[in-house]
Amino acid sequence: MKTIQKFAFILGAATVLFSCDNADNNSPDLPLEAILVEDLAAPNDLIDRNTNQVLEVRPFQYFSLEKNELVAENEDWDLAFKGTTIRVNNTKNVNASIVTGIFEEIKEVPASATFATDTETSFAIPTGSGTGWYNYNSATFTVTPIPGRVILVKTTKGNYVKMEILSYYKGNPPLEQIDPRTTPSAHYTFRYILQPNGSTKF
Amino acid sequence: MSRINLNKIKLLLSLLFCTSAFASVRDTDKRIVDVSGNPIAHAVVKLEGQKAIFVDELGNVTVQNPSERIFIFALGFESRELTWDEWLAEKEIILQEKSGILHEVVVSATRTERSVEQLPMPVTVLDTEKITQTGGIRLSEVLREQTGIQITSDHGSGIQMQGLDSDYILILLDGEPMIGRTAGTFDLDRISVSNIERIEILRGPSSAIYGSEAMGGVINIITKPSKNRANLDLGMRHRSFNSWNPFLEFGVGKKNWSSQVFLDHFKTDGFDLTPETVGQTQNPYMASTGQLKVTGTLSDKFNVSIFGRGYKETSHGILEANGNSGTQILDLANNRTDFNLNPTLRFKPNTDWTITLRGMTSWFSTNAVSKFRTSNGIFDLQEFNQFFHRTELQTDFMANPRNLVSLGLGQQIETVEATRYDGSNRFDAGYVFVQHIWDPRERINIVTGLRADFHNQFGSRLSPKISGQYQIWDNFSWQASIGAGFKTPDFRQLLLNFNNAAAGYYVFGANLAAEGISRLQEQGLIAQILINPVTIGDLNAETSRAINTGFRWKPTPKSQVHLNAYHNAIDNLIETAPIARLVTGQNAFSYFNIRSVVTQGIEVDAQIDLLDNLSLSAGYAFLDARDLEVIERIDNGEIFKRNAQNQTRRVTRADYGGLFNRSRHSGNLKINYQERTSGVDLAFRAIFRGKFGFADLNGNLILDDEREYAPGWVSFNLTASKTFGNGVFLEAGGTNLLDTVTPAQPNNPGRVLFIGIKIPILNLIN
């Protein structure tokens, strides 16, 4: 991880300083910090386009939302990235759900959200264009996160996270500057908010 | 010099010996003829206060009782009103053809010859002169200058009309449907312009007489007719990108038989808009066309004609492929051939009946090979073979001068074999259509049509259409038509069996979805079935309902304004949708009738002759084309966009730019000037295409961001031409003189300069 930026409102920071014990308080008074993760590189396997054969298997990149860092496979990772595929840690009972809406407006895990974990045959965050977090444009050969798709994750610690993927290209370039032939892909930029108290509210 | 004119003597004698009684009988015996003196056999003479009288086969009519006023009218001709004295004074009553222009006759609109002015539906006719003015060599270059028409680039140069893509526009060659589409596009570059007599552009659905494909309109290409005399014309055109186009027209004709041979060859080096990448935008290609037309009069009642056309195109190029061992160069070689045979037998037992038996047999095939340059191994090989046959019997019955009824019966066979389709596939269809052309009153024309199609795959389908015209004033007529159109799913949507190995997805035609999914299931590749394939397969025709209305107005004798407004509601559009998720995370897709689209707009053409040698015309088209499902999702707040600061917000209706690749505004300005002293004709055209959606960039798949538009542009074109007294024709000019190019328009090569010559050899010898 090259840089981890934290967006914290000054008010939020101030509140942290004077925070009281919120265990008896269901609705968090603290505005939670949105964490921006930039350029998480997760290159896909090398595949021969003609034969569909995998020539070189590359590893998943295991990420802990709780720690906001890459971790080893045997540690408590929440999400694993490789190419456009995002796995959730089904051995540690991580669940995910995709909802439609505006990141800031999602103040709470909606009752309608259906959480699932990865199985042998399915991903909690579906892959494929249009079905999960991205659209693949076959005219421009570009992978673009679908605006308004928010991924909800229940972490290894049972905390809820709302997460929005912003870019699949290195440096989170403006859309018009993406050239799929030259701009390095499989570089995730995303932001997320983790509610550490286990409540469903953000 | 001392020859005696016998006619004059006869006339003199008759004048000398005739009695007054004899003269009066003769004076009431008249002949109704057109400007060239041919009898108009369907004319009607109406005397005030008396019953209408039909003329006989030779245009003769006898009026017994005098009347104050006499009206003479005939379909396709300007009516005349005469006093009794005027009637007596003329021996032959000449009627002017209604449009005033002889070749503004339209065949495709009603399948019978009608003048444009009589047609209650929007029709544009491009005659030889207008075609020549464009300097075009391929058909796309002529059509792109017409109001409301765009040439799109998707597996060839396709026509877009009333916001509908090439898939929904029927292309006719001498009235017979042309086959051979790639990904739905009929490539207009397959048609050479050199021997086209005229082009009819019929807007709005015409399935009521043509069935499938004629959903957005019809383009009828009419090749030059064989003449009853010998001619041998040689031509050569040269233009930028090392393009050469020699052609030859050879005709022989006797009294009853004539034949015309046309040979055309086109060769170009192609062009490249993106020199930084390997491979050209348009690859070098060669195209040869050969045509033979034989027409004969067997008797005064039987006509026969045979039309044959062959086309062969080869192109080659290179492409870069990313393989395991880095990038590799691929050599591409593509072939495309088509062949049509079209015999016609026409029986005209009398002036009221015409019976036409037509056949159309076509073969179309493509072959595309790409090979690795280093190993010479085959990377990809695609073949496609299509066969089409149609037999049709059409009967036209002129019940009286105001009613013309046509009845058609037809049968069709279509087969296809292709690399991506399994086995050989055959479709059978039959149809019957009936059409009634009715002029209930002098200023009213009504055309009603109904066609029933029976298809072994899609069942039966009824397509009605009614069009009406009312001539409100002598210089103003108003038209309206309501009609239905349809398009049967194409082969790809039914039969495709495709696996994109590179991306790992599958696409199955509707007929193969169930089978394909069960095969993938056996192989253990399916993670989850999204739509039960048993329920797939009933792919229906795409349908449209449309209204067209407008007017034709002649503010002055030297100016005219045509306007047409339209609304097309298109349903059951076929799209791919995932039917199963694979274990790889990719999807398998099939085709469904899911989309609904609306296209609407206004098209205006105005023309004025400012001077004898200077005319001006302007055209403007407004187009609004949108996807109704997208609108619904916007209204439900389900579509979002992100700005440059990565803030997400809901897309509003105001953000939505409609369908991709449609220009909201387009137009043209044309000036035609003949320089008097040199006799050179100058045709200057400015063709404007407004900005249009190019591709989704922000991931929500709809057009809603300024960056997703390609900029508008203007092409300035100039053609100078001169026909010498001996018939030699010379031309020179250029298109897109400002050299404006955009990657969003890969069929626009930039500035093209051209010169050409056509020599009528036999004219020069004689």
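The values are calculated or read from the model by the stated rules, or taken from the named source; none is laboratory data. This structure is a prediction, so every number in the text was calculated from the model and none was measured. Virtual Cβ from ideal backbone geometry, glycine too; neighbours counted across all protein chains shown.
Can you name the residue in segment A:117-128 that is more than 8 Å from chain B (Cβ to nearest Cβ) and surrounded by 16 or more Cβ atoms within 10 Å (Cβ to Cβ) and, of all such residues, is farthest from A:LYS92 (Cα to Cα)?
As a first pass, look at segment A:117-128 and keep what is more than 8 Å from chain B (Cβ to nearest Cβ): A:117-120, A:124-125.
Those left that are additionally surrounded by 16 or more Cβ atoms within 10 Å (Cβ to Cβ): A:117-118, A:124-125.
Details: A:THR117: 10, A:ASP118: 11, A:ALA124: 14, A:ILE125: 16 Å.
Filtering first and then ranking leaves A:ILE125.
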Open item on the list: Suppose we filter segment A:82-115 for residues that are assigned to a strand (DSSP E or B) and at pLDDT below 90; how many remain?
Closed with: 0
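Take the conditions in contact with an Asp or Glu (Cβ under 6 Å, 6 or more places away or on another chain) and either more than 10 Å from every other protein chain (Cβ to nearest Cβ) or at pLDDT below 90 (or both) and apply them to A:VAL57. Does it pass? Talk me through it step by step, then tell me what you get.
Working: in contact with an Asp or Glu (Cβ under 6 Å, 6 or more places away or on another chain): yes; either more than 10 Å from every other protein chain (Cβ to nearest Cβ) or at pLDDT below 90 (or both): yes.
Yes.
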Open item on the list: Among the residues that make up segment B:491-506, is at least one of them away from every other protein chain (no Cβ under 14 Å), surrounded by 15 or more Cβ atoms within 10 Å (Cβ to Cβ) and not in a helix (DSSP H, G or I)?
Closed with: yes
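This table checks each residue for (1) small (Gly, Ala, Ser); (2) more than 14 Å from every other protein chain (Cβ to nearest Cβ); (3) crowded, with 16+ Cβ neighbours inside 10 Å; (4) assigned to a strand (DSSP E or B).
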| site | (1), (2), (3), (4) |
| --- | --- |
| B:GLY516 | yes, yes, yes, no |
| B:GLN521 | no, no, no, no |
| B:GLN528 | no, no, no, yes |
| B:ALA546 | yes, yes, yes, yes |
| B:LEU563 | no, yes, yes, yes |
| B:ILE570 | no, yes, yes, yes |
| B:ASN593 | no, yes, yes, yes |
Open item on the list: Condition first: acidic (Asp, Glu), part of a strand (DSSP E or B) and in contact (Cβ under 8 Å) with a residue 12 or more places away in the chain. Now tell me which residues in segment A:53-81 satisfy that.
Closed with: A:GLU69
Open item on the list: Cβ-Cβ distance below 8 Å, separation of 6 or more or different chains: which pairs start in segment B:641-654 with a residue that is of a type in the set (A, V, I, L, M) and end on one that is surrounded by fewer than 16 Cβ atoms within 10 Å (Cβ to Cβ) and in a loop (DSSP other than H, G, I, E, B)?
Closed with: B:ALA644/A:PRO174
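Could you list all residues from segment B:96-111 that are modelled with pLDDT under 85 and either surrounded by fewer than 16 Cβ atoms within 10 Å (Cβ to Cβ) or in a loop (DSSP other than H, G, I, E, B) (or both)? Write out each step before concluding.
Start the filter on segment B:96-111 by keeping residues that are modelled with pLDDT under 85, which leaves B:96-105.
Once the filter is applied, which keeps residues that are modelled with pLDDT under 85 and either surrounded by fewer than 16 Cβ atoms within 10 Å (Cβ to Cβ) or in a loop (DSSP other than H, G, I, E, B) (or both), segment B:96-111 yields B:GLN96, B:LYS98, B:SER99, B:GLY100, B:ILE101, B:LEU102, B:HIS103, B:GLU104.
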TODO: Can you tell me which residue within segment B:438-463, out of those that are aliphatic (A, V, I, L, M) and within 19 Å of B:ILE547 (Cα to Cα), is farthest from the chain's Cα centre (by Cα)?
DONE: B:ILE444
Open item on the list: If I filter segment B:703-725 for residues that are at positive phi and either of a type in the set (Lys, Arg) or not assigned by TED's automatic domain parsing to the domain that holds B:ASP189 (or both), do I get at least one hit?
Closed with: no
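If we keep just the residues of segment A:129-139 that are part of a loop (DSSP other than H, G, I, E, B) and at the interface with chain B (Cβ under 7 Å from one of its Cβ atoms), which is surrounded by the most Cβ atoms within 10 Å (Cβ to Cβ)? Let's see the steps before the verdict.
Start the filter on segment A:129-139 by keeping residues that are part of a loop (DSSP other than H, G, I, E, B), which leaves A:129-133, A:138-139.
Subsequent filtering for residues that are at the interface with chain B (Cβ under 7 Å from one of its Cβ atoms) retains A:131, A:139.
Values: A:THR131: 19, A:ALA139: 10.
Here the answer is A:THR131.
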Task: Test: A:LYS157 is under 19 Å from A:PRO110 (Cβ atoms), more than 11 Å from the chain's Cα centre (by Cα) and surrounded by fewer than 16 Cβ atoms within 10 Å (Cβ to Cβ) - done: no
Open item on the list: So if I check each of B:LEU345, B:LEU332, which one is among the aliphatic types (A, V, I, L, M) and under 30 Å from B:GLY509 (Cβ atoms)?
Closed with: B:LEU332
TODO: Filter segment A:86-116 down to residues that are surrounded by fewer than 20 Cβ atoms within 10 Å (Cβ to Cβ), of a type in the set (S, T, N, Q) and under 15 Å from the mean Cα position of the chain (by Cα) and give me whichever is farthest from the other protein chains (Cβ to nearest Cβ).
DONE: A:SER97
Open item on the list: What's the total number of residues in segment B:430-441 that are free of Cβ contacts under 8 Å to residues at least 40 places away in the same chain and under 22 Å from B:PRO177 (Cα atoms)?
Closed with: 3
Open item on the list: When you check B:ARG649 against the structure, is it surrounded by fewer than 16 Cβ atoms within 10 Å (Cβ to Cβ), under 30 Å from A:ILE106 (Cβ atoms), among the charged types (D, E, K, R) and out of contact with any Ser or Thr (no Cβ under 7 Å at 6 or more places or on another chain), yes or no?
Closed with: yes
Open item on the list: Can you tell me which residue is surrounded by the most Cβ atoms within 10 Å (Cβ to Cβ) among those in segment B:118-144 that are within 11 Å of the chain's Cα centre (by Cα) and within 16 Å of B:VAL105 (Cβ to Cβ)?
Closed with: B:VAL123
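Just to verify a result, which residue in segment B:609-653, among those that are assigned to a strand (DSSP E or B) and of a type in the set (D, E, K, R), is farthest from the other protein chains (Cβ to nearest Cβ)? Can you show your working first?
Filtering segment B:609-653 for residues assigned to a strand (DSSP E or B) gives B:609-611, B:614-627, B:640-642, B:648-650.
Right, trim to of a type in the set (D, E, K, R) and you get B:609, B:624, B:626-627, B:641-642, B:649-650.
Numbers: B:ASP609: 45, B:ASP624: 23, B:ARG626: 19, B:ASP627: 15, B:LYS641: 5, B:ARG642: 5, B:ARG649: 7, B:ARG650: 7 Å.
Out of the qualifying residues, it is B:ASP609.
How about segment B:480-529: which of its residues are over 41 Å from the mean Cα position of the chain (by Cα) and hydrophobic (A, V, I, L, M, F, W, C)?
In the first step, residues of segment B:480-529 are kept if they are over 41 Å from the mean Cα position of the chain (by Cα); the result is B:518-529.
Of everything in segment B:480-529, those that are over 41 Å from the mean Cα position of the chain (by Cα) and hydrophobic (A, V, I, L, M, F, W, C) turn out to be B:LEU520, B:LEU525, B:ILE526, B:ALA527, B:ILE529.
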